[in-house]
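In what follows, a structure is listed as structure tokens, so that the remarks can point back to it.
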Amino acid sequence: MMGGMVSEETRTAKSTTTNSGGPAASEFPAPTGGPSASTRAWTTRLVVVGIVLAALNLRPAITSLGALLEEVRDGLGMSGSVAGLLTSVPPLCFAAFGVMAPRLARRFGPSTVVCAGMVAITAGLLIRPYVGGTAGFLAGSALALMGIAVSNVLMPVIVKRWFPDRVGSMTGLYSMALALGTAAAAAVTVPMTEALGGSWRSGLTVWAALAAAAVLPWIALARHREAPADRPSRARETGRARPELRITRSRTAWALAVFFGLQATAAYITMGWMAQIFRDAGVSAGTAGLLLAVTMAMGVPLAYVIPRVATRLPRQGPIVIVLGVCGLAGYAGLYLAPAGGAWAWALLLGVSNCAFPLALTMVGMRARTGAGVAQLSAFAQSAGYLISIPGPLLVGVLYQHSGGWGLPIALMAGLMVPQMAVGVLAGRDRTVEDEAAR
């Protein structure tokens with residue numbers, strides 16, 4: 001490694017100590033009670049399984065809908081603008097419900113909240129195709145997305161809590177699982193719908209089975225949270241109370257929130273509309289779904305590699321720039337030759353969408369304590385998803401009123417420039433605790 005690089009272990013060690021050299025007070029400490037080594041090993045393995053299963057369920061509710069958006073529009077009688085609103089529901093729910101996650105985690109424990117999130121995803125996917133009408137479909141989608149929102153925020157917290165010395169590798173693992181679930185839903189929803197008789201309702205409902213499987217490990221893990229009565233004694237062990245972190249006073253927190261919002265805008269436009277762009281260019285529905293799957297599948301290997309590389313760099317700006325350039329190239333290709341170079345554009349946009357695991361990794365790196373990670377994660381994701389809400393809706397409106405994809409693609413490319421700028425700022429080597437203190 002080059003001299004400018006630092007090991008992930010060194011960086012993590014710094015993140016788990018206070019300025020005075022003592023242990024950092026965490027709002028969500030690991031469970032106590034002196035379990036045996038075999039019990040701890042079993043629980044750790046269960047945490048890994050739970051993280052992977054939860055991550056697999058954080059996007060199929062969205063990408064399965066993207067693959068069948070035209071059929072859902074026809075079945076529910078949606079206009080292009082209403083369909084754009086539908087693609088804006090995910091970031092709206094993530095912003096509204098994600099901000100509640102730290103408070104819920106303090107009261108019930110992160111594992112319990114993630115377990116409830118998996119239950120909400122299962123219920124939402126089961127009911128949304130059958131409740132009738134656009135309003136009912138939106139309500140069912142919102143229930144599933146509420147579960148996704150709290151799990152989104154708490155995944156970095158759980159990684160920091162259980163694997164403080166392996167933040168990069170574990171973030172890479174669940175980012176890879178998230179990308180795998182995203183790609184699988186995009187790739188197999190259309191052929192699976194055809195195998196189930198051609199009903200888009202059946203094709204969307206089947207993903208509830210995967211969510212139900214994710215509930216099981218989190219039921220067991222919910223029992224391992226620390227009792228509230230234990231927390232004051234832990235605070236006393238540190239020798240001082242944890243000062244309140246005013247996250248909004250940190251420039252890095254704001255830069256990370258804007259970066260998160262702009263990458264989420266690109267991601268949800270891609271998940272909601274890219275298959276339709278290819279279909280309007282003359283690509284078949286099955287091939288368009290496969291192209292979307294290729295875009296999502298690029299995140300499977302890269303989502304594992306990028307966090308590990310990012311934790312070894314003092315600054316993550318160079319990674320931000322590389323991902324942004326790939327995005328600009330992909331949008332240029334979609335504008336000039338959407339069908340002729342479809343596979344190349346799908347690959348380039350897949351690389352660009354790996355800004356998401358990079359953002360998650362920076363959340364873990366820009367805060368020193370578990371409580372700081374929770375606050376930063378909630379702030380960056382909630383504010384970021386608020387920023388991303390207009391994007392998919394505006395794409396639908398521009399598409400309907402312009403009659404083509406020129407203006408929407410120009411919008412996507414234009415947003416990539418500020419994404420690169422704020423990503424470089426968010427990637428600087430500093431922590432939100434230090435900035436907020438100043």
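Observations on the model:
- Criterion violated by Y331 - all others in (1) within 18 Å of A179 (Cα to Cα); (2) out of contact with any Cys (no Cβ under 7 Å at 6 or more places or on another chain); (3) of a type outside the set (A, V, I, L, M) satisfied: (1)
- When P164 is tested against (1) more than 21 Å from W207 (Cβ to Cβ); (2) open to solvent by less than 10 Å² (accessible area, probe 1.4 Å); (3) modelled with pLDDT under 85, exactly one condition is not met: (2).
- Between A337, A281, A344, the distinction of being farther than 21 Å from R59 by Cβ, open to solvent by 10 Å² or more (accessible area, probe 1.4 Å) and in contact with a Pro (Cβ under 6 Å, 6 or more places away or on another chain) belongs to A281 only.
- Residue that is outside any helix (DSSP H, G or I) and either touching a helix residue (DSSP H, G or I) at 6+ places or on another chain (Cβ under 6 Å) or under 22 Å from R59 (Cβ atoms) (or both), where the choices are A329, A367: A367
- Every pair of residues 6+ apart whose Cβ atoms lie under 8 Å, when the first sits in region 286-315 and is polar (S, T, N, Q) and at pLDDT 85 or above while the second is assigned to a loop (DSSP other than H, G, I, E, B) and open to solvent by 10 Å² or more (accessible area, probe 1.4 Å): T295/N353
- Of the set (1) part of a helix (DSSP H, G or I); (2) closer than 26 Å to P90 by Cβ, all apply to V283 but (1).
- Selection from region 372-383 of residues that are surrounded by 23 or more Cβ atoms within 10 Å (Cβ to Cβ) and either touching a Leu at 6+ places or on another chain (Cβ under 8 Å) or among the aliphatic types (A, V, I, L, M) (or both): G372, V373, A374, Q375, L376, S377, A378, A380
- When residues in region 216-270 are screened for being open to solvent by 50 Å² or more (accessible area, probe 1.4 Å), at pLDDT below 80 and among the hydrophobic types (A, V, I, L, M, F, W, C), 2 of them pass.
- Considering region 395-438, the residues that are not basic (K, R) and not in a helix (DSSP H, G or I) include one that is nearest to the chain's Cα centre (by Cα), namely G427.
Listed here are the residues, each with its yes/no results for (1) over 20 Å from A222 (Cβ atoms); (2) in a helix (DSSP H, G or I); (3) open to solvent by 10 Å² or more (accessible area, probe 1.4 Å).
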site: A105; (1), (2), (3): no, yes, no
site: M118; (1), (2), (3): no, yes, no
site: Y130; (1), (2), (3): yes, no, yes
site: A139; (1), (2), (3): yes, yes, yes
site: S169; (1), (2), (3): yes, yes, yes
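- Among the residues making up region 180-192, none is open to solvent by 10 Å² or more (accessible area, probe 1.4 Å) and of a type in the set (S, T, N, Q).
- V395 being over 30 Å from D280 (Cβ atoms), crowded, with 17+ Cβ neighbours inside 10 Å and either out of contact with any Pro (no Cβ under 6 Å at 6 or more places or on another chain) or hydrophobic (A, V, I, L, M, F, W, C) (or both): no
- Some residue of region 359-371 being open to solvent by 50 Å² or more (accessible area, probe 1.4 Å), under 19 Å from the mean Cα position of the chain (by Cα) and closer than 26 Å to F97 by Cα: no
- Residue within region 108-122 that is within 19 Å of T270 (Cβ to Cβ) and in contact (Cβ under 8 Å) with a residue 12 or more places away in the chain present: no
- The lone exception for P318 - which of (1) in a helix (DSSP H, G or I); (2) without any contact (Cβ under 8 Å) to a residue 24 or more places away in the chain; (3) under 20 Å from M274 (Cα atoms); (4) open to solvent by 10 Å² or more (accessible area, probe 1.4 Å) it fails: (3)
- Residue check, S402 open to solvent by 50 Å² or more (accessible area, probe 1.4 Å) and of a type in the set (S, T, Y): yes
The values are calculated or read from the model by the stated rules, or taken from the named source; none is laboratory data. What you see is a predicted model; the values in this text were computed from it and never measured. Note that we place each Cβ from the backbone using ideal geometry, even for glycine, and neighbour counts take in every protein chain shown. Remember, those area values only see protein heavy atoms, side chains included, never the ligands or the DNA or RNA. Shrake-Rupley method; radii C 1.70, N 1.55, O 1.52, S 1.80 Å.
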